[in-house]
Each structure stands twice: as structure tokens, then as C-alpha cells.
Amino acid sequence: MSMRRNEYAQPVGEPVPDWSPRPLPAEVTLKGDFCRLEPLNADRHADELYAANRSGADQRDWTYMFAGPFEDPQDYRRYAEEAAASTDPRHYAVISVGDGMAVGTLSLMRQDPAHGVVEVGNVMFSPVMKRKPISTEAQFLAMRYVFEDLGYRRYEWKCDSLNAPSRKTAERLGFTFEGIFRQAVVYKGRNRDTAWYSVIDTEWPAIERAFQAWLAPENFDDQGIQRRSLADLRTAEAAGQRQRNS
């Protein structure tokens, strides 16, 4: 593909015709088969979230979070009240469809509607969600909302460069690694080099199809074990797209 140049023969980016600022993330409920995302509400969710987050063997999941761990329900409720009152980040609770319990949280943050950029962050999925379809679907619902309902161009994921599980999750979900911002943050009295990842709007259709295929009932056996991984489905989708374009 030839590079676009302006009247001074300088290389310039592709045009973005009819672009306008996007809406901000709102107090919406996003429904899936395994879970729904709804605006965080301390009165409704705090006690359930505290119990879910404390259900593991220890509190290691808070190591790379800016907040926590919380030693008692009252401390967590105060945190949840502050988070629920925020519009950037906009916090959502993950509600299990099976029992209606709040089992995790995430937020849409660093909102830049003028340029169509937003970050998913403050992801705290309790042990109840680990290695289950609900955790993947929660991420899918947020991503679909950003690209399809709000019309954003770029969806970011950032984490401590030492947070191996978070980096692995970003790659599993289809994010592209963009590099390390050195000494980007000081938190909990220590340095953070930040790893940056993103998905852009032109990549979303293929990623969305892979998500849908992975979440389909036929992709799980009688024990709930996946038949094909999300990465395999994305690879198959990419191969099919190349074949269609040839």
C-alpha cells in the first residue's frame, strides 16, 4: 500500500472521514449468557464482592492493584463507595447469571472521547471467576460496548510489566503488545514500568467473531472444558480472512 503524502511531499496518516467525538461510557447494564455488567453500587455489591475477593487462599490478587487488600468489609465498602461515585474511571460490577451474585469488577478509564480512546482497568476478578467462561465474557461485554455501542477507535490495556498473569490475559484476549513505559508510575511505595497493549477498531470484527465462537455452548464439553482455545479460534479466523481476501 502506497504511503499518503501531503502537498509538501510529507508522509501523513490515513484520513478519518466524518469523525466526531464519541460518547462517554455510561451507567449501562451489559448482558451476556454467563454474566452481566452493571454500574457498581456499594449498597448492592460491596458485601458480595468483599466475600468473593476473600474466597481465595490469600490476597495476592491485590499485589498489582492500586488499592487493597482490604482487611474488613467496612474498608472495602468505603473503597466501593468512592469507586461507584467516579465517572472516570467508570466502574462496573460483574454479576454471575447463575446465582445473581457480584463476583468481580472492572472499569473504563482514561476516557478520551475526542479521539475515541479508552482503557479497561481496575480489573479485579475474584477467585470465583478464575478460569471460567464468566471472566472471558465479562471482558468481551466491555470491549463490545466500547467498539460497537460507543464507536471508539482504540481500546487499551495497561499493567505492571512484572504482572505476568495480566500480560498473559491481555494476549489471550487479542490485545497487541506495544511496549514498556519505564518508570511510569509510583504505587504502593514502589516503581512500576507499565506494559501497554491495545485493540483497534479495524481488528475488532475478527476478534469479536473469535469471542463468539469461544463462548458458544458447543465449544464446551459436559464438564465445561473448552474444546478450542480463544487463541486457536483467532488464528483460524485470521486464516479464513486471508483466504477470503486472496
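The values are calculated or read from the model by the stated rules, or taken from the named source; none is laboratory data. Treat the numbers as computed from the prediction; the structure is a model and nothing was measured. Neighbour counts are summed over all protein chains in view; Cβ atoms, including those assigned to glycine, are modelled from backbone coordinates with ideal geometry.
Mind checking which residues of segment 28-54 are surrounded by 12 or more Cβ atoms within 10 Å (Cβ to Cβ) and farther than 30 Å from residue 224 by Cβ?
Within segment 28-54, 42 is the sole residue that qualifies.
Restrict the check to segment 33-45 and report whether at least one residue is in contact with a Phe, Trp or Tyr (Cβ under 7 Å, 6 or more places away or on another chain), within 22 Å of residue 142 (Cα to Cα) and part of a loop (DSSP other than H, G, I, E, B). Reasoning before the result, please.
Pass one, segment 33-45, residues in contact with a Phe, Trp or Tyr (Cβ under 7 Å, 6 or more places away or on another chain): 37-40.
If we keep only those that are within 22 Å of residue 142 (Cα to Cα) as well, we get 37-40.
Filter once more, keeping what is part of a loop (DSSP other than H, G, I, E, B): 40.
The answer is yes; a qualifying residue exists.
Which is in contact with a Pro (Cβ under 6 Å, 6 or more places away or on another chain) and either closer than 11 Å to residue 37 by Cα or among the β-branched types (Val, Ile, Thr) (or both), of 107, 96?
On the way: 96 fails: in contact with a Pro (Cβ under 6 Å, 6 or more places away or on another chain).
Just a single option satisfies the conditions, and that option is 107.
Report yes if some residue within segment 217-228 is out of contact with any Pro (no Cβ under 7 Å at 6 or more places or on another chain) and within 22 Å of residue 156 (Cβ to Cβ); otherwise report no.
Taking segment 217-228 first, the residues out of contact with any Pro (no Cβ under 7 Å at 6 or more places or on another chain) are 217-228.
Going one step further and asking which of them are within 22 Å of residue 156 (Cβ to Cβ), we end up with none.
Within segment 217-228 (the criterion being out of contact with any Pro (no Cβ under 7 Å at 6 or more places or on another chain) and within 22 Å of residue 156 (Cβ to Cβ)), the answer is no, since none of the residues qualifies.
Scan segment 149-163 and give yes if some residue there is within 23 Å of residue 96 (Cβ to Cβ) and basic (Lys, Arg), otherwise no.
No: zero hits.
Residues in segment 113-153 that are touching a residue at least 60 places away in the same chain (Cβ under 8 Å) and β-branched (Val, Ile, Thr): how many?
The number of residues fulfilling the criteria is 5.
If I filter segment 229-246 down to residues being modelled with pLDDT of 95 or more and surrounded by 15 or more Cβ atoms within 10 Å (Cβ to Cβ), which single residue comes out as nearest to residue 171 (Cα to Cα)?
Within segment 229-246, the match that is nearest to residue 171 (Cα to Cα) is 230.
Give all pairs with beta carbons closer than 9 Å in which a residue from segment 206-228 that is in contact (Cβ under 8 Å) with a residue 24 or more places away in the chain meets a residue that is hydroxyl-bearing (Ser, Thr, Tyr); count only pairs at least 6 apart in sequence or on separate chains.
Every condition considered, the pairs that remain are 210/235; 211/136; 214/136; 214/229; 215/136.
Which one of 198, 161, 166 is surrounded by 15 or more Cβ atoms within 10 Å (Cβ to Cβ), of a type in the set (Gly, Ala, Ser), at negative phi and free of Cβ contacts under 8 Å to residues at least 40 places away in the same chain? Explain how you work it out, then say what you get.
Values: 198 fails: free of Cβ contacts under 8 Å to residues at least 40 places away in the same chain; 166 fails: free of Cβ contacts under 8 Å to residues at least 40 places away in the same chain.
Going through 198, 161, 166 in turn, the sole match is 161.
Mind checking which strands (runs of 3 or more DSSP E) fall wholly inside segment 92-209 and carry at least 2 residues that are among the aliphatic types (A, V, I, L, M)? Full working, then the answer.
Values: elements: 102-112, 117-125, 154-160, 176-187, 190-200.
Those strands (runs of 3 or more DSSP E) span 102-112, 117-125, 176-187, 190-200.
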